[in-house]
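Heads up, the thing below is written out as structure tokens.
Every read-out reported here was derived from the displayed coordinates using simple, explicitly stated rules and does not represent laboratory data. Just so you know, these numbers come straight off a predicted model, no measurement behind them. Please note: Cβ atoms are built from the backbone with ideal geometry, for glycine as well, and neighbour counts cover all protein chains shown.
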Amino acid sequence: MKKVERINTIMRYINNRANFTISEIMQEFNISRSTAIRDIREIEAMGMPLVAEVGRDGGYFVMNNSVLPTVRFTDNEIKALFIAFMATRNQQLPYLKSRQSLAEKLLGLISENQQEDLVHLNQVLLFEGTNPNNPDLLELSDLPHPMLEKLIQILLLDSYIVITIKEETVINSYPIYLLHLYHEKGIWLIEGFVLKDEKRRIFPVDNLTDVKPYYTKNRLSKKKILEKLSKQEEEINLVLELGPMAIAQFKKYHPLKISISYTNPYQTTAILKTFINVTNPEELIEITNWLLFLGEDIKVKKVPKEILEGLQERLCLYAYFAHKER
């Protein structure tokens, strides 16, 4: 790690702690005592208000009610921020009112040489959903769903909420414990534990008409909810390992309730675990068709016999027609 990067990281490390010692800095950053002392002195010279504590277990702490110095970014960190910002085009980010103002502020923090690098990156990098005829970052506008920010504001206070959802022609309300709020297939989704049914469900934010806190004395605790979910996960009856080609197919289409977890940092392998209701004929047909759609780049670890029989029947049918055409 270069010195500038190390000092920036040490500053963040210090900011997040009530106190620290030279030994902790040495161990955390794998540096010598003399290097740690020099880095601390340089950080102090930059204006960080450190106070030394004398004694056997002495160390340092950041002085309260003091203005901390501006955090400096390396060239690579600036590029990483800019590329991450570019990659969120057409993502309907919460709190995003104007990409132009954010981009202008980011550009204003860096040198002309760094600005030229970012302009060049903006010209050569295209992400999913970008219009190649108008890739200019400053001209894009993709406002989030109006309920998204309200939802997040309430979640910051409490994960127990009541959501009102439009489902076809009916409007229903559900008290839920929100597990995750995530973005997939171009839409924001709520994954929640429905407190009345005690089941995990997924709701599209686009169908949300209202959200409010859920105040009640008799609600299930988070611990109980996680215990119930853990027991329900024992019902998982379909487990697949996906290779890169199957992952590409998965991204093209997958049933709303099914998700994958990547098993390497390059996102070229993944695992899929879910429950399939084999007593529902429509769901059985849909999953059978979808597994064939994923292709050969999968390893089946666990599958209900009903699905296996459906796949074998379908493959035999394909083989029959292929032979008949010859």
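Report the gain in length on full extension from LEU157 to VAL194: 0.36 nm times residue separation, minus Cα-Cα distance, nm rounded to one decimal.
11.5 nm
Rounded to whole Å and sorted largest first, list the principal axis extents of the Cα atoms in segment 238-325.
45, 31, 21
Taking a threshold of 31 Å on the Cα-Cα distance, which of the pairs LYS252/LYS299; LYS2/LYS273; LYS97/LYS199; LYS223/LYS299 fall above it?
Pairs exceeding the cut-off: LYS2/LYS273; LYS97/LYS199; LYS223/LYS299.
Kindly provide the helix-only [θ] at 222 nm of the chain, computed as the sum of -39,500 (n - 2.57) over DSSP H runs of four or more divided by all residues, to the nearest 500 deg cm²/dmol?
-13000 deg cm²/dmol
Treating each Cα of segment 146-233 as an identical point scatterer and ignoring solvent, apply the Debye formula and state log10 I(q)/I(0) at q = 0.18, 0.23, 0.24, 0.25 Å⁻¹.
-0.77, -1.22, -1.31, -1.39
Taking the 0 to 90 degree range and rounding to the nearest ten, how far is the long axis of helix 222-233 tilted relative to the main principal axis of the chain, both from C-alpha atoms?
40 degrees
Which angle from 0 to 90°, rounded to the nearest 10, does the C-alpha axis of helix 3-15 make with the longest principal axis of the chain?
So the inclination is approximately 80 degrees.
Any chance you could list P(r) for the chain, counting all Cα-Cα pairs in 20 angstrom bins from zero, rounded to whole %?
So the P(r) values, bin by bin, are 21, 43, 32, 4, 0.
Please identify every one of the trypsin sites (Lys or Arg not before Pro) in segment 157-209 that sits in a loop by DSSP and has no more than 11 other beta carbons within 10 Å of its own beta carbon.
When the trypsin sites (Lys or Arg not before Pro) of segment 157-209 are filtered for loop state and at most 11 Cβ neighbours within 10 Å, LYS185, LYS196 remain.
Report relative contact order for segment 3-62 in percent, whole number only (criteria: Cα-Cα under 8 Å, sequence separation at least 6).
RCO, segment 3-62: 37 percent.
Return PHE73, PHE321 ranked ascending by Cβ neighbour count within 10 Å, so the fewest neighbours appear first.
With the fewest neighbours first, PHE73, PHE321 line up as PHE321, PHE73.
Quick one: compute the contact order of the chain, relative version, from alpha carbon pairs under 8 angstrom and 6+ residues apart, as a percent.
Computed over the chain, the figure is 9 percent.
Contour minus end-to-end for ASP210 and LYS223, with contour as 0.36 nm per residue of separation and end-to-end as the Cα-Cα distance?
Separation in residues times 0.36 nm, less the Cα-Cα distance, equals 2.0 nm.
Calculate how large, on average over all directions, the projected area of the Cα convex hull of segment 3-62 is; give the answer in nm² to one decimal.
3.8 nm²
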